[in-house]
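Beneath this line is the structure, given in structure tokens, with notes to follow.
The values are calculated or read from the model by the stated rules, or taken from the named source; none is laboratory data. It should be emphasised that the depicted structure is a prediction, and the values quoted were computed from it without experimental measurement. Cβ atoms come from the backbone with ideal geometry, glycine included; neighbour counts cover every protein chain shown.
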Amino acid sequence: MRKSQLKLGSLAISLALLTGCAPTVALEPAADANNPDCAEIIVRLPDEIAGEARRSVNAQSTAAWGDPVSVLLRCGLEPVEVSTLPCVSASEIDWLVDDSNAPSYRFISFATAPATEVIIDSSRLAGVTVLEQLAGSVGVLEPTKRCTEITN
């Protein structure tokens, strides 16, 4: 083995140790992912949610936790102020709930610009626990209004 091959092999091993065993999670960025307010959310995200470690992602203004993935987050969605979806509140943040793919639940921050989407595999984690742990990050955006009917 040549010296250059040995260096590359050592580099690959070092990178694997730094990034862990789990591969990068491929996500599609939202339309407004480059919004500076998304950056404010992303830099505040926790390294762990409900015991699930944060994963490496390939798209701006996104995040993922768990192996297998239990939580996905995307910032930069179009704000939602009117919806027929039920609304819940967790740690002073209102979320619209889409349960059409249960046990994966999609939560969309209500009346924030930009909106943030969180998808939670409820067979692995409790939605309210995840939303409460994300409140310190997503809560940096002030809503323009509150849900009129809160379902808990």
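Out of region 98-118, which residues are polar (S, T, N, Q) and either surrounded by fewer than 19 Cβ atoms within 10 Å (Cβ to Cβ) or free of Cβ contacts under 8 Å to residues at least 40 places away in the same chain (or both)? Steps first, please.
Taking region 98-118 as the starting set, the residues that turn out to be polar (S, T, N, Q) are 100-101, 104, 109, 112, 116.
Within region 98-118, Ser100, Asn101, Ser104, Ser109, Thr112 meet the criteria.
Checking each residue in region 122-152 for being in contact with a Pro (Cβ under 8 Å, 6 or more places away or on another chain), surrounded by fewer than 18 Cβ atoms within 10 Å (Cβ to Cβ) and within 21 Å of Gly76 (Cα to Cα) picks out Gly136, Thr144. Within region 72-89, the presence of at least one residue that is among the acidic types (Asp, Glu) and either in contact with a Cys (Cβ under 7 Å, 6 or more places away or on another chain) or in contact (Cβ under 8 Å) with a residue 40 or more places away in the chain (or both) is confirmed.
Mind listing just one residue for me: the one in region 1-55 that is part of a helix (DSSP H, G or I) and loosely packed, with under 10 Cβ neighbours inside 10 Å and, of those, modelled with the highest pLDDT?
Once the filter is applied, the top-ranked residue is Pro36.
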